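*Asks:* Below is a structure I'd like to ask you about.
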Amino acid sequence: MKIVSAKVIVTCPGRNFVTLKIHTDQGVYGIGDGTLNGRELAVVSYLEDHVIPCLIGMDPRRIEDIWQYLYRGAYWRRGPVTMRAIAAVDMALWDIKGKMAGMPVYQLLGGRSRDGVMVYGHANGADIDQTVDAVGKYIDLGYKAIRAQTGVPGIKDAYGVGRGTMYYEPADAALPSVTGWDTRKALNYVPKLFEKLRATYGFDHHLLHDGHHRYTPQEAANLGKMLEPYQLFWLEDVTPAENQEAFKLIRQHTVTPLAVGEIFNTIWDAKDLIQNQLIDYLRATVVGAGGLTHLRRLADLASLYQIRTGCHGATDLSPVTMGCALHFDTWVPNFGIQEYMRHSEETDAVFPHDYHFDKGYLFCGEAPGHGVDIDEELAAKYPYKPAYLPVARLEDGTMWNW
Ligand code: GCO
Ligand code: MG
């Protein structure tokens, strides 16, 4: 069996997606996601100029060998562009293997470990009252877990606050827009949000919060401590994780569960955090961390330390990643939760898929492969549109982490 051709499809049904389609000499094809929000065309070039020429003639059944070829063979290891290109190939190859075997991907991984995949939705508002209402809407929709973000008085466009009512889409400008940040104001305000949420809805639902890399380790520890009475499911990306040791300080001071890893590309980004038991949930997902082949290695290492998965699932990850992640989540023994920001109707139409939501859970389908396709004719109607994530500056103009 051979790979005879491959192509990259870029489409923007509301936001940009990079999709790889690999064709084989047996008529079977596979689909992979290589979307890197705000840097999409770098992955397109990596795939078209440097990966596809090597793939032609290879045996698509050799998923592991092709992964090693692309990882070791580039010499320049890791990084978001390389690992997304590898992920796109990997997803397409698992899709092909599933179609050849007549089995859904979760069966190839080892079979079902659970009936459904618990997800969390994104509730946000310009202030505490709006966010409390938004959480109520998710509860009404049947969600068991909800991430809550609020605007903060005095902070310009605080992270996580949408323009719409149900979710936010940060990458919306042809050049990065400038948002603000002020830790003091956030530390004064965010705990009050969770106090009100628990007072309003009680303790039956899981509540999550994303710090989006804004706090120093000391400030993060302080926030974790202040949030303890409200029993969060997790506090995410509370400080940047380039320095994995930074989490020691946070861990020493709070029992609020910590989640990290949506920007991790490989097991090396998470190794110390995992082995020193500095986190509780790992946010790496299929497109970010080199595909299913590599993500399951991360999950296995995490399982030794009772760390559970919590795959990134923002809307900048295409339905192809969501489909693959749901097969992974259905299998992985140390599953924690799956993020689920619903895609727009336009996006769902471009990517026909067989997963569905019901009462707080997502369910992957039983179609052979990962169950997500691309309607190329429809995709062609939505050409690429430059869209950048914002940047963040402190009040005095200093660059900060968005
Ligand atoms: C989350 C996130 C994201 C990122 C986005 C960047 O869902 O937890 O932090 O929404 O901001 O994926 O492209
Ligand atoms: Mg996040």
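*Asks:* For K381, go through the lysines and keep the ones whose alpha-carbon is under 25 Å away, minus same-chain ones fewer than eight residues off.
*Replies:* The qualifying lysines are K7, K21.
*Asks:* For the stretch 267-372, what is one quarter of the convex hull surface built on the Cα atoms, given in nm²?
*Replies:* Answer in nm², one decimal: 6.6.
*Asks:* What does DSSP give for the chain in terms of the percent of beta bridges that are antiparallel, rounded to the nearest 5?
*Replies:* Of all bridge pairs located within the chain, approximately 45 percent are antiparallel.
*Asks:* Would you tell me the accessible area of D140, worked out with a 1.4 angstrom probe on the heavy atoms of the protein chains, in Å² to the nearest 10?
*Replies:* Ignoring ligands and nucleic acids, D140 comes out at about 130 Å².
*Asks:* Counting only Cα atoms, I'd like the Rg/Rh figure for the stretch 347-392, Kirkwood definition for Rh.
*Replies:* Ratio of gyration radius to Kirkwood radius: 1.13.
*Asks:* How far is helix 217-227 tilted, in degrees, relative to the longest principal axis of the Cα atoms in the chain, given as a value from 0 to 90 rounded to the nearest 10?
*Replies:* Compared with the principal axis, the helix lies near 70 degrees.
*Asks:* Give me the angle, in degrees from 0 to 90, between the Cα long axis of helix 291-303 and the longest principal axis of the Cα atoms of the chain, rounded to the nearest 10.
*Replies:* Once rounded, the angle reads 50 degrees.
*Asks:* Just reorder F17, F233 by solvent-accessible area, largest first, 1.4 Å probe, all chains present.
*Replies:* F233, F17
*Asks:* Only helical DSSP H runs with n ≥ 4 go in: add -39500 (n - 2.57) per run for the chain, normalise by residue count and round the 222 nm mean residue ellipticity to 500 deg cm²/dmol.
*Replies:* Values: 14 runs with 145 residues, N = 402.
The helix-only estimate for the chain comes to -10500 deg cm²/dmol at 222 nm.
*Asks:* Something else about it: For the chain, take the longest principal axis of its alpha carbons; what is the angle in degrees between that and the long axis of helix 80-101, to the nearest 10 within 0 to 90?
*Replies:* 60 degrees
*Asks:* Please report, in Å, the Rg and the Dmax of the stretch 3-104, where both are computed over Cα atoms only.
*Replies:* For the stretch 3-104, the Cα-based Rg and Dmax read 13.0, 36 Å.
*Asks:* Hey, if we sort E376, E346 by accessible area with the 1.4 Å probe, largest down, what's the order?
*Replies:* E346, E376
*Asks:* What is the log10 of I(q)/I(0) for the chain, computed with the Debye formula using one identical point scatterer on each Cα and no solvent, at q = 0.10 Å⁻¹?
*Replies:* Evaluating at q = 0.10 Å⁻¹ gives log10 I(q)/I(0) of -0.63.
The values are calculated or read from the model by the stated rules, or taken from the named source; none is laboratory data. What you see is a predicted model, and the numbers here were worked out from it, not measured in a lab. Surface accessibility is based on the protein's heavy atoms, side chains included, excluding ligands, DNA and RNA. Shrake-Rupley method; radii C 1.70, N 1.55, O 1.52, S 1.80 Å.
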